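K.L.:
Have a look at the structure that comes next, please.
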Amino acid sequence: MSDAIDCREARDRLQDYLKEELTVERAAQVAAHLERCRHCFSQARFEESFLLMLRIKSQRTCCPNALKERILEALRAEREPG
């Protein structure tokens, strides 16, 4: 397998790369491509920022207490013998 990958392959693997879900070899191939391709590098930075924003927003969002109580009540009811 060649060490160099093209833009299409880099884009196909970008999400897995950003989530650190690639093998060491594949991650190195994507990183090398991003170092030499300005367009893919820009796309990677955008997607990385987007994923970070999603992570931050999801940490701030909390289920309302009333909904938590309804879920817990439903779970308790499921455990009780009929």
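The values are calculated or read from the model by the stated rules, or taken from the named source; none is laboratory data. Predicted model, so just to flag it, every value in this text is computed and none were measured. All Cβ positions, glycine included, derive from the backbone under ideal geometry; neighbour counts span all protein chains shown. All accessible areas refer to the heavy atoms of the entire protein, side chains included, with ligands and DNA or RNA removed. Shrake-Rupley method; radii C 1.70, N 1.55, O 1.52, S 1.80 Å.
K.L.:
Check every DSSP H run in the chain and write down those whose alpha carbon atoms cover 27 angstrom or more along the long axis and whose mean Kyte-Doolittle hydropathy is -0.5 or greater.
P.N.:
Those that pass (Cα extent of 27 Å or more, hydropathy at least -0.5) are 38-60.
K.L.:
Find the Cα radius of gyration of the chain, compare it with 2.2 N^0.38 Å by division, and give the number to two decimals.
P.N.:
That ratio works out to 1.79.
K.L.:
Let me ask something else. What accessible area per residue comes out for the chain, rounded to a whole number of Å², with a 1.4 Å probe?
P.N.:
Result: 83 Å² per residue.
K.L.:
Using r as the Cβ-Cβ distance of ALA31 and MET53, and R0 as 22 Å, what FRET efficiency do you calculate, to the nearest 0.05?
P.N.:
In this case the efficiency is close to 0.50.
K.L.:
With a point put 7 Å past each Cα toward its Cβ, work out how far LYS68 is from SER42 in nm, to one decimal.
P.N.:
4.4
K.L.:
Here is a further query. Would you mind telling me which residue in LEU34, LEU72, LEU54 has the biggest mean-square fluctuation in a Gaussian network model of the chain, where springs connect alpha carbons within a distance under 10 angstrom?
P.N.:
Checking each option, the largest mean-square fluctuation is seen for LEU72.
K.L.:
Continuing with this model, one more query. So what is the calculated 222 nm ellipticity per residue for the chain, using -39500 (n - 2.57) for each DSSP H run with n of 4 or more, over all residues, to the nearest 500 deg cm²/dmol? The partial results should precede the final answer.
P.N.:
Numbers: 4 runs with 63 residues, N = 82.
So the calculated ellipticity at 222 nm is -25500 deg cm²/dmol.
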